[in-house]
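Single-structure report; data block below.
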Amino acid sequence: MPPLFQTQQFAVRELSEEQIPTLQALFEANPDYFLSVNGLPPGPTEAQREFEELPPSHLSYGARWFAGVFDQADALRGVIILVSDLAAKGVWHTALFFLERSLRGTGAANELHRALEATARKQGAQWLRLGVVAGNLRAERFWSKCGYKEVRTRAHINAAGEAKITNVLVKSLYGGDLRQYLQLVPRDAPNSQLP
């Protein structure tokens, strides 16, 4: 399968259902993300659940890519879930950006994000959007360095039953300001009660 995008070290290609066991093994070998976000290690069907999960039915979207991050030896090293035109045309949402622990702090995430951003821009994206759980300091620092700005917070209960806050972050790909974004996606306005 041709890659969605490539970098010097990695190819990012859509995963098939047959590759779910490999992804499950990757999740289980790197439980720290799940412990930080969900309060629990990945469950036995975590990869299948991620594979099947679509955006909420009340939100429109264009396409969804469930893509593996493969190294030069064709080993699965991470997964990126990307959704185009979520809630509005030109708004691309990164639902998951997961790399195995050994790649963290190596520059791999920066390399992959730059390629993701370039690919999204070429395909018409004007904004990139994602959510990061408050207190996940490594992720908060990374996305801030990538130029994302917080537009709202959302309270939720994680899988362990703990109260958590997710910060919704946005980055313009064309120099627009956040007021323009919030006119396009009013559900992301500060203090919005829209789901």
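Bear in mind that the values in this text are calculations on the coordinates, not laboratory data. Computed from a predicted structure; not experimentally measured. Glycine gets a Cβ as well: all are built from the backbone with ideal geometry, and neighbour counts include every protein chain shown.
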Legend entry - Fewest-first sequence of Ile80, Ile165 by Cβ atoms within 10 Å of each Cβ: Ile165, Ile80
Legend entry - In nm, spacing of pseudo-spin labels at Ser172 and Ala118 (7 Å Cα→C-beta vector): 2.3
Inset, instruction - Counting helices only, and only those DSSP H runs with n ≥ 4, report the 222 nm mean residue ellipticity of the chain as the sum of -39,500 (n - 2.57) divided by its residues, in deg cm²/dmol to the nearest 500. - result: -8000 deg cm²/dmol
Inset, instruction - Could you quote the convex hull projected area for segment 52-148, Cα atoms only and averaged over all directions, in nm²? - result: 6.9
Inset, instruction - Would you mind computing Rg(Cα) / (2.2 N^0.38 Å) for segment 117-195, counting N as its residues? - result: 1.16
Inset, instruction - Mind telling me which of Asn110, Asn158, Asn167 comes out most flexible in a GNM of the chain, alpha-carbon contacts under 10 Å? - result: Asn158
Inset, instruction - Sort all Cα-Cα distances of the chain into consecutive 10 angstrom bins from zero, then give the percent of pairs in each bin up to the one containing the longest distance. - result: 8, 35, 40, 15, 1
Legend entry - Most fluctuating residue given options Leu173, Leu59, Leu96, as computed from a GNM of the chain linking Cα atoms under 10 Å: Leu59
Inset, instruction - Evaluate 2.2 N^0.38 Å with N set to the residue count of segment 1-70, then give the Cα radius of gyration divided by it. - result: 1.24
Inset, instruction - Express in nm, to one decimal, how much length is gained between Glu53 and Arg141 on full extension, taking 0.36 nm for each residue of separation and deducting their alpha carbon distance. - result: 29.0 nm
